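Computed from the coordinates by the stated procedures, all read-outs in this text should not be read as laboratory data. What you see is a predicted model, and the numbers here were worked out from it, not measured in a lab. Here the Cβ positions follow ideal geometry from the backbone for every residue, glycine too, while neighbour counts run over all protein chains shown.
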Amino acid sequence: MLNVNGYAAPSASAPLEPVTITRRDVGPKDVLIEIKYAGVCHSDIHTVREDWGPVTHPLVVGHEIAGVVTEVGAEVTRHAVGDRVGVGCMVDSCRECENCLAGEEQYCLNGNTGTYNVIDADGRITQGGYSTHIVVDEDFALRIPETLDFAAVAPLLCAGITTYSPLRHWEAGPGKKVAVVGMGGLGHMAVKLAHAMGAEVTVLSRTLAKKDDGLRLGADHYYATEDPETLEALKRSFDLIVNTVSAPVDLGAYLSLLRRNGTMVNVGAPAEPLPVQVFSLMEDRRSFAGSGIGGIRETQEMLDFCAEHGINAETELIEASYINEAWKRVLSSDVRYRFVIDASTFS
């Protein structure tokens with residue numbers, strides 16, 4: 001067993017605090033990763049605060065992990081000591097069900113093993129990336145291309161794949177008009193990725209405060225939804241809408257922005273139910289969908305795509321001692337656009 005330093009949430013309401021946690025021994029198919037950078041995701045906060053269900057505290061969160069392999073098991077073939085690797089939102093799955101065999105482990109019919117707050121094969125609760133080291137099965141460690149900025153790549157393991165997957169599935173590309181709702185951690189990645197895929201990209205944000213950023217990152221158009229005329233003027237404009245916000249929205253109003261056969265896909269996950277008026281879907285044969293992260297194969301594809309197109313997350317690097325302040329700023333949307341923790345400061 002390996003004792004490592006990290007930061008944990010002792011309860012749903014208490015500030016995060018330094019802890020020492022135990023990682024399992026490196027098994028035959030495992031790799032030990034020295035974490036260099038850990039992204040801060042809004043999901044970390046939702047989970048700790050039990051917005052999505054009960055949590056086993058104390059809990060170390062963090063599922064945007066970039067690091068270096070420092071030890072490999074005797075049967076490891078995919079990675080070697082010194083490799084740059086990443087770990088995202090899951091660290092295992094059953095690998096036998098229909099979805100796993102299709103390369104979509106994120107939809108494992110027996111439930112994938114999340115990077116934190118899930119009972120692992122050894123019976124212990126998984127602990128995440130707000131720490132100095134992690135042990136994972138080699139198949140769930142991703143290769144990080146050398147051309148990607150190591151200090152900015154961690155958010156791609158969640159924010160990147162969460163937006164890449166629906167854009168690929170619903171075929172964003174030349175000739176397609178894509179709207180991105182929300183210009184935050186997920187939204188700014190959706191803009192970059194949809195632009196690189198060749199789609200015409202529109203940002204729908206509450207205000208115009210981030211308009212310059214949106215246009216710089218690849219948006220062709222940027223509108224403020226607080227203007228009551230915006231949604232009326234954009235009716236039947238888009239083939240695909242990617243909703244990245246984790247708060248309730250007026251689904252009827254947004255669904256009306258879809259063209260015939262258009263789809264609105266939710267990747268933000270509000271704690272409250274979202275009511276859907278069926279007539280909003282029947283009109284113009286629209287679809288309302290949801291999408292999670294991607295499987296391991298698609299996540300590697302996303303990393304390679306980002307390397308090819310020079311895409312990194314827009315980040316603010318922080319020390320571990322700043323985590324609680326960073327969480328406050330995430331909740332007030334005061335970050336452009338993802339905090340990344342320098343994991344050396346967990347020591």
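Structural remarks
- Shape descriptor for segment 164-215: Rg over Rh equals 0.95 (Cα atoms; Rh from the Kirkwood inverse mean 1/r).
- Modelled label positions at Ser332 and Ile125, each set 7 Å beyond Cα in the direction of Cβ, lie 2.9 nm from each other.
- Whole-Hz couplings from phi, Karplus 6.51/-1.76/1.60, listed for segment 123-131; x for Gly and Pro: x, 9, 6, 5, 10, x, x, 6, 7
- For the chain, the Kirkwood estimate of hydrodynamic radius, built from reciprocal distances between every pair of different alpha carbons, is 20.5 Å.
- Multiplying the residue separation of Glu229 and Arg95 by 0.36 nm and removing their Cα-Cα distance gives an extension gain of 43.3 nm.
- Range of Cα positions in segment 132-173 per principal axis (Å), largest first: 37, 23, 16
- Helix content alone sets the calculated 222 nm mean residue ellipticity of the chain: runs of n ≥ 4 DSSP H residues at -39500 (n - 2.57) each, divided across all residues, give -6500 deg cm²/dmol.
- Shape annotation for segment 160-290: C-alpha extents along the principal axes are 37, 30, 29 Å, from largest to smallest.
- Beta bridges per DSSP with both ends in the chain, % antiparallel, nearest 5: 55 percent
- Taking every Cα-Cα distance in segment 27-113 and sorting them into 5 Å bins starting at zero, the pair-distance distribution P(r) comes out as 3, 13, 15, 18, 22, 18, 9, 2, 0 percent.
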